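Step one of this worksheet: look at the structure below.
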């Protein structure tokens with residue numbers, strides 16, 4: 001299973017903002033971004049020149065890709081799929097990313113980070129409509145029911161995690177039952193449900209060149 005091996009804190013510093021890739025550490029005093037709010041590398045502290053339009057578009061694409069833990073080829077495939085779908089391409093792209101199973105587990109507060117959620121799915125802890133699914137990129141649909149499977153110790157740890165990150169909140173497009181470790185998809189996600197600022201029009205402009 002392909003995954004990003006770069007130090008995650010470097011990615012936040014490169015994008016110039018917190019991407020919350022390391023769970024609770026990102027909201028603590030141990031966050032590396034708070035200690036070094038400049039780009040990584042030997043030229044990271046140098047004064048930045050005004051970015052070109054292309055650079056701004058590229059950074060927005062890279063930020064979005066890194067937030068959802070998607071590699072370049074897969075992200076481009078999502079864009080192609082969004083282009084062929086009805087509706088605004090950028091908004092459909094965000095909807096596809098939000099519908100990923102690993103993202104659903106994360107947004108339901110069953111994991112501290114999307115990386116941890118991806119690992120849960122890969123280790124077959126997640127069921128969709130009663131069937132185990134170990135594909136993080138699986139796209140959920142309206143009416144789907146997602147539950148967490150595992151032994152007593154594993155389920156207890158997941159519930160403890162849910163309590164720690166419950167302040168993060170859950171989006172309106174899903175109904176979460178924390179005690180039962182279950183989620184029901186009420187509707188398809190919309191841009192307002194993303195929970196962070198993503199300028200999808202910049203991504204569309206980048207791929208349209």
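Read-outs: derived from the displayed coordinates by stated rules, not from any lab. Predicted model only: the values in this text are computed from it and were never measured.
Gain on full extension, evaluated as 0.36 nm per residue between residue 53 and residue 172 minus their Cα-Cα distance, stands at 39.4 nm. Over region 58-124, the hull volume per residue, using the convex hull of the C-alpha atoms, is 94 Å³. The stretch between residue 209 and residue 83, if pulled fully straight at 0.36 nm per residue, gains 44.0 nm over its current Cα-Cα span. Gyration tensor analysis over the Cα atoms of region 100-188 returns equivalent ellipsoid semi-axes of 17, 15, 12 Å (largest first, whole Å). Distance from the Cα centroid of region 96-117 to that of region 159-191 is 10 Å (rounded to whole angstrom).
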